[in-house]
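*Asks:* Quick one: this structure, given as C-alpha cells, is what I'll be asking you about.
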Amino acid sequence: MHTFNTCAISSLLDEGKFRSITDIAAAEGIDVTQARRLLRLTLLAPAVVDNLLANPDVAINLESVLRRVMPLDWQAQGAAFAGA
C-alpha cells in the first residue's frame, strides 16, 4: 500500500489544489483505483480505525475494509465490521 497520507488526499481536494482524485493519483504516481481506496479510509469510524490499528491479526484488516461496501454511518460501520 502506498504511504501517501489519506487525510492529505482529502485535504488536497478540499483546498482545491487538485480538481479530482484522478489528478491526485497522477501527481502521486499511483493508480486511480488505489487513490480512491485510500480516500475511502477517511470515512471510517474511529472505532473501526482503532480496531485495525490495535488488532492487526484479527479477521478485520485493511484489505477486507477496502474491498467491501461500507456504510457511511459510523454505528452501521461498527456493526458491519464487528462480524468481520
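The values are calculated or read from the model by the stated rules, or taken from the named source; none is laboratory data. Just so it is clear, the model here is predicted, and its values are computed rather than measured. Ideal geometry is used to build each Cβ from the backbone, glycine not excepted, and the neighbour counts take in all protein chains shown.
*Asks:* Search segment 63-84 for residues being among the hydrophobic types (A, V, I, L, M, F, W, C) and surrounded by 13 or more Cβ atoms within 10 Å (Cβ to Cβ), and hand back the single one that is modelled with the highest pLDDT.
*Replies:* The first filter runs over segment 63-84 and keeps only residues among the hydrophobic types (A, V, I, L, M, F, W, C), leaving 65-66, 69-70, 72, 74, 76, 79-82, 84.
Subset that is surrounded by 13 or more Cβ atoms within 10 Å (Cβ to Cβ): 65-66, 70, 74, 80-81, 84.
Details: Val65: 76, Leu66: 77, Met70: 83, Trp74: 90, Ala80: 82, Phe81: 75, Ala84: 54.
Top of the filtered list is Trp74.
*Asks:* Are any of the residues in segment 23-39 surrounded by 14 or more Cβ atoms within 10 Å (Cβ to Cβ), at pLDDT below 85, of a type in the set (S, T, N, Q) and outside the structural domain of Met70 (by TED's automatic domain parsing)?
*Replies:* Yes, there is a match, as at least one residue in segment 23-39 is surrounded by 14 or more Cβ atoms within 10 Å (Cβ to Cβ), at pLDDT below 85, of a type in the set (S, T, N, Q) and outside the structural domain of Met70 (by TED's automatic domain parsing).
*Asks:* Another question, then. So which residues in segment 37-57 are part of a helix (DSSP H, G or I) and over 16 Å from Ser11 (Cβ atoms)? Give the derivation first.
*Replies:* Initially, segment 37-57 is screened for residues part of a helix (DSSP H, G or I), giving 37-43, 46-54.
If the condition is that a residue be part of a helix (DSSP H, G or I) and over 16 Å from Ser11 (Cβ atoms), then Arg37, Pro46, Ala47, Val48, Val49, Asp50, Asn51, Leu52, Leu53, Ala54 are the ones that fit.
*Asks:* Now for a separate question. Among the residues of segment 9-22, which ones are at pLDDT below 85 and either part of a loop (DSSP other than H, G, I, E, B) or in contact with a Phe, Trp or Tyr (Cβ under 7 Å, 6 or more places away or on another chain) (or both)?
*Replies:* Residues of segment 9-22 at pLDDT below 85: 9-14.
Leu12, the sole residue that qualifies.
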